[in-house]
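Novice: Structure provided below as structure tokens; questions to follow.
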Amino acid sequence: MLAPAVVIYDRGQAELVAGLGGILLSPPGFAGFGGCSWWWEIVAGLEVVSLLDCGDGAGRAVEAMRLGLRGVVLERKAANFGVVAGIAAACGVLLLDMAPPALDLAERGADRRLVEWIDRGEHDAGDATGSENSRLV
């Protein structure tokens, strides 16, 4: 089971969540509009699991792995999903086919719920964005 995930938007949030032991998660589909390099700059050097959400962008998922990112979310419906899954396995990259439940720091009041969210450890789909059905691939 993965640690609690938190959707973050900048380096300060990344450092805060990393210090609390949470998983760093990009906004949904972020690789497609924000890019892999931006996410790399946000999480570089942090000793924590980070997941870049690539939506259905298989090419973006491969790009993320080439940059050295160790966690990717790629929708199973993505073209060439199986190929990407093989690359991820060969590279030791964590690949999920949907984002885990996550507290989104852009939501009003999320900053006040952050410590409780991470301390609680287990979450169901009704708690925040994401799905309890996230699967390791």
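A short reminder: the numbers here are calculations on the coordinates, not readings from a lab. Everything numeric in this text was worked out from a predicted model, so none of it was measured. Every residue, glycine as well, gets a Cβ built from its backbone with ideal geometry; the counts of neighbours run over all protein chains shown.
Novice: Which one of these is outside any strand (DSSP E or B), over 30 Å from ARG112 (Cα atoms), of a type outside the set (Phe, Trp, Tyr) and free of Cβ contacts under 8 Å to residues at least 40 places away in the same chain: ALA14, ALA64, ALA88? It would help to see each step written out before you state the result.
Specialist: On the way: ALA14 fails: over 30 Å from ARG112 (Cα atoms); ALA88 fails: free of Cβ contacts under 8 Å to residues at least 40 places away in the same chain.
Selected residue: ALA64, the only one of ALA14, ALA64, ALA88 that is outside any strand (DSSP E or B), over 30 Å from ARG112 (Cα atoms), of a type outside the set (Phe, Trp, Tyr) and free of Cβ contacts under 8 Å to residues at least 40 places away in the same chain.
Novice: A follow-up question, please. Can you tell me which residue is nearest to ASP10 (Cα to Cα) among those in the range 41-61 that are among the small types (Gly, Ala, Ser) and touching a residue at least 12 places away in the same chain (Cβ under 8 Å)? Before the answer, list the steps.
Specialist: The initial filter retains those residues of the range 41-61 that are among the small types (Gly, Ala, Ser), namely 44-45, 50, 55, 57-59, 61.
Narrowing further to those that are touching a residue at least 12 places away in the same chain (Cβ under 8 Å): 50, 55, 57-58, 61.
Details: SER50: 13, GLY55: 20, GLY57: 22, ALA58: 24, ALA61: 20 Å.
That would be SER50.
Novice: I would also like to ask the following. Please give the number of the condition ALA79 fails out of (1) in contact with a strand residue (DSSP E or B) (Cβ under 8 Å, 6 or more places away or on another chain); (2) not in a helix (DSSP H, G or I).
Specialist: Only one criterion in (1) in contact with a strand residue (DSSP E or B) (Cβ under 8 Å, 6 or more places away or on another chain); (2) not in a helix (DSSP H, G or I) is unmet by ALA79, namely (1).
Novice: Here's a check for you: in the range 37-59, which residue that is over 19 Å from PRO100 (Cα atoms) and of a type outside the set (Asp, Glu) is surrounded by the most Cβ atoms within 10 Å (Cβ to Cβ)?
Specialist: Filtering the range 37-59 for residues that are over 19 Å from PRO100 (Cα atoms) and of a type outside the set (Asp, Glu), the one surrounded by the most Cβ atoms within 10 Å (Cβ to Cβ) comes out as ILE42.
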